[in-house]
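The values are calculated or read from the model by the stated rules, or taken from the named source; none is laboratory data. Please read these numbers as outputs of a predicted model, since none were measured by experiment. All Cβ positions, even for glycine, are placed from backbone atoms using ideal geometry, and neighbour counts span all protein chains on display.
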Amino acid sequence: MARFDWLTGRRRAPSEAPRRRRPETESEPPRTDPSGGPLIDSAVYADGRRIEPGSLERTYEMVREGRGMGWIGLYRPERQVIDSIAAEFGLHELAVEDALEAHQRPKLERYGETLFVVLRPARYVDTQEVVDIGELHVFVGPDFVVTIRHSEAPDLRAVRRRLESAPELLSLGPEAVLYAIMDRIVDDYTPVLRGVSNDIDEIEIQVFEEDVEVSRRIYQLGREVIEFHRAVEPLIDLFASLRSGFEKYRVDLEMQRLLRDVEDHAVRAIERIEAFRELLNNMLTVNAAVVSQRQNAEMQRLTESSLVQNEEVKKISSWAAIVFAPTLVGTVYGMNFDDMPELHWAWGYPFSLVLMAAVSITLYAVFKWRRWL
């Protein structure tokens with residue numbers, strides 16, 4: 001009995017089966033297809049069971065013959081590889097250009113019987129304490145899936161193994177592959193959220209330890225969280241587009257539940273990311289307040305030091321003036337000019353001593369009154 005394909009809105013014969021691709025990882029170099037590009041995996045799936053076609057051209061032939069669903073996996077392919085696949089499956093040129101250029105936001109677009117889905121996987125690089133945002137493009141047709149990966153994440157090989165171990169799920173067709181890929185990407189957000197949470201805890205400690213480098217780290221992590229939010233937040237609209245076709249395309253009830261579960265996980269991830277953004281903004285404010293307090297304390301210390309120094313200068317200046325007054329009188333009368341008044345006066349010497357003492361005592365009293373001494 002023919003089954004209704006919810007992705008394309010047409011009936012599919014029982015012989016038509018889904019297909020998917022297996023990606024390479026950093027530890028395993030990509031296999032190269034004779035057509036020239038980095039072909040990670042190419043297989044045909046009939047009733048959830050894998051058939052090895054042996055080459056990309058053979059995959060084309062088997063899909064054309066209706067022997068199953070083809071799943072082709074590519075990693076940063078060259079133009080001629082994508083052009084070959086586009087010509088075989090009738091991919092729209094606008095979607096092909098997006099897949100080649102990358103740097104797209106998450107989205108879902110329909111071109112006739114083909115869905116073009118852009119997803120932004122993420123991974124947390126613990127050694128560098130940074131969030132790495134990747135990009136994955138998925139073409140989903142009535143009897144084929146083409147995945148084009150532009151980053152190390154996600155590990156689609158694990159997705160392929162999962163589906164191959166569950167033939168009943170894989171037999172649901174291309175929609176099962178799309179679900180499994182989205183589920184893996186959303187699940188991979190969890191360790192990223194955990195890593196960012198640990199970074200925020202470390203930053204909180206740095207803020208109150210008055211680490212001078214913490215402002216730079218808050219800003220850098222804030223930028224990463226913003227990019228992470230831009231990668232995850234559009235998934236809400238993407239899932240809404242899928243849900244809008246549930247009734248129209250008679251989506252399998254279990255598949256609806258699975259997709260809703262993935263959507264719930266994505267919503268929770270978005271909520272945590274938004275909470276992270278608010279926390280980082282608050283930390284930036286708190287750090288600014290801590291820096292301001294530290295600067296105020298430093299200014300107060302400098303001011304107190306300056307006041308103490310001024311007091312010492314006052315004391316030194318006061319005693320210098322007191323000592324200078326008698327010296328001035330003695331210096332004047334020590335010049336011994338003949339016409340100087342009181343030079344030959346019998347009381348001149350006592351008078352000069354009394355004058356010097358009086359001047360010194362007067363200056364001392366004045367400085368004491370002004371609290372310079």
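With acidic (Asp, Glu), exposed (fewer than 11 other Cβ atoms within 10 Å of the Cβ), in a helix (DSSP H, G or I) and over 36 Å from the mean Cα position of the chain (by Cα) as the only criterion, which of GLU304, GLU247, GLU271, GLU298 stands out? Walk me through how you get there before you give the answer.
Values: GLU247 fails: in a helix (DSSP H, G or I); GLU271 fails: over 36 Å from the mean Cα position of the chain (by Cα); GLU298 fails: over 36 Å from the mean Cα position of the chain (by Cα).
One residue alone meets the criteria, GLU304.
Each residue in segment 182-230 was checked for being within 30 Å of LEU242 (Cα to Cα), surrounded by 15 or more Cβ atoms within 10 Å (Cβ to Cβ), within 14 Å of the chain's Cα centre (by Cα) and of a type in the set (Val, Ile, Thr), and 3 pass.
For the structure I just gave you, tell me whether SER171 is within 19 Å of the chain's Cα centre (by Cα), in the same structural domain as ILE203 (by TED's automatic domain parsing) and surrounded by fewer than 23 Cβ atoms within 10 Å (Cβ to Cβ). No; evaluated as a whole, the condition is false for this residue. For segment 110-158, filtering for residues that are part of a loop (DSSP other than H, G, I, E, B) and not charged (D, E, K, R) leaves 11. Scanning segment 84-93 for residues that are surrounded by 21 or more Cβ atoms within 10 Å (Cβ to Cβ), in the same structural domain as ARG230 (by TED's automatic domain parsing) and under 28 Å from the mean Cα position of the chain (by Cα) turns up nothing.
Residues that are in contact (Cβ under 8 Å) with a residue 40 or more places away in the chain, out of contact with any Gly (no Cβ under 7 Å at 6 or more places or on another chain) and surrounded by fewer than 17 Cβ atoms within 10 Å (Cβ to Cβ) within segment 113-130 comprise GLU129, VAL130, listed in sequence order. The single condition among (1) in contact with a helix residue (DSSP H, G or I) (Cβ under 9 Å, 6 or more places away or on another chain); (2) farther than 20 Å from ASN281 by Cβ; (3) modelled with pLDDT under 85 that ILE236 does not meet is (3). A Cβ distance below 7 Å, combined with a sequence gap of six or more or placement on separate chains, defines the contacts here; from segment 85-97, residues that are of a type outside the set (A, V, I, L, M) reach residues that are part of a helix (DSSP H, G or I) in the pairs GLU88/TYR60. Residues that are farther than 24 Å from SER241 by Cβ and modelled with pLDDT of 90 or more were ranked within segment 131-156; the one that is surrounded by the most Cβ atoms within 10 Å (Cβ to Cβ) is VAL131.
Just wondering, is there one or more residues in segment 141-152 that are within 21 Å of ILE270 (Cβ to Cβ) and in contact with a strand residue (DSSP E or B) (Cβ under 9 Å, 6 or more places away or on another chain)? Can you show your working first?
Taking segment 141-152 first, the residues within 21 Å of ILE270 (Cβ to Cβ) are 151.
Checking which are in contact with a strand residue (DSSP E or B) (Cβ under 9 Å, 6 or more places away or on another chain) leaves us with 151.
Looking for residues that are within 21 Å of ILE270 (Cβ to Cβ) and in contact with a strand residue (DSSP E or B) (Cβ under 9 Å, 6 or more places away or on another chain), one finds at least one in segment 141-152, hence yes.
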